[in-house]
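Let me begin by presenting the structure, written as structure tokens, before commenting on it.
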Amino acid sequence: MRFVLPLSLLATPAFAAADKPFFSLANTDFIVTIGFLIFLGILFYFKVPGKLMGLLDDRSKGIQSDLDEARAIREEAQSLLASYERKTREARDQADEIVANAKAEAQAAGEQAKADLAANVERRLAAAEDQIKSARNAAVREVRDRAISVATAVAAEVVAGSMTPEKADAMIDRSIDTVRAKLH
């Protein structure tokens, strides 16, 4: 502000009007300089530069508050984005875990089904073997019983043909003695 007056004097075309004295009312340059200085005085009297600076400061504060608000909104948006990305990752991880668990359960169910099938086959094989063994034993018994009946019939015919009444009495006595010996 100190340099306004000297600079304003240098900027005048006073040097062009060299034939008239500068501090004369006839010199238009002097009149214009005085009018300019009065104008500057009025501006300083009504504190226009201070008001302009205040308006500029208010505008600067408004711009700064807008910037702060924009920064806060940006940070909030970034935190929301990070939250959504985290939730998306968690959901993806959870879905992967569900799929892995389902695969493991399906595999375990398959293994259990195989084990159950193998146990069922073993039970059926054992039951079939038991039936075969039982049928074989029954067949062997039937053959033995048949062989015994045939042998008994043949022996009865042979004994009947070679048996005399004295031999029969002796045989009966021996049988009675054997039974007595075994019973006592």
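The values are calculated or read from the model by the stated rules, or taken from the named source; none is laboratory data. Remember, it's a predicted structure, so these values are computed and weren't measured experimentally. We place every Cβ from the backbone using ideal geometry, glycine too, and count neighbours over all the protein chains shown.
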## Note on the structure
When segment 135-184 is checked residue by residue, the ones that are of a type in the set (G, A, S) and surrounded by 10 or more Cβ atoms within 10 Å (Cβ to Cβ) are A135, A138, A139, A147, S149, A151, A153, A155, A156, A168, A170, S175
### Message
Would you confirm, using the coordinates I've provided, whether V99 is surrounded by 10 or more Cβ atoms within 10 Å (Cβ to Cβ), assigned to a helix (DSSP H, G or I), of a type outside the set (D, E) and at pLDDT below 90?
### Response
no
### Query
Going by the conditions given, is A108 surrounded by fewer than 10 Cβ atoms within 10 Å (Cβ to Cβ), without any contact (Cβ under 8 Å) to a residue 60 or more places away in the chain, assigned to a helix (DSSP H, G or I) and not basic (K, R)?
no
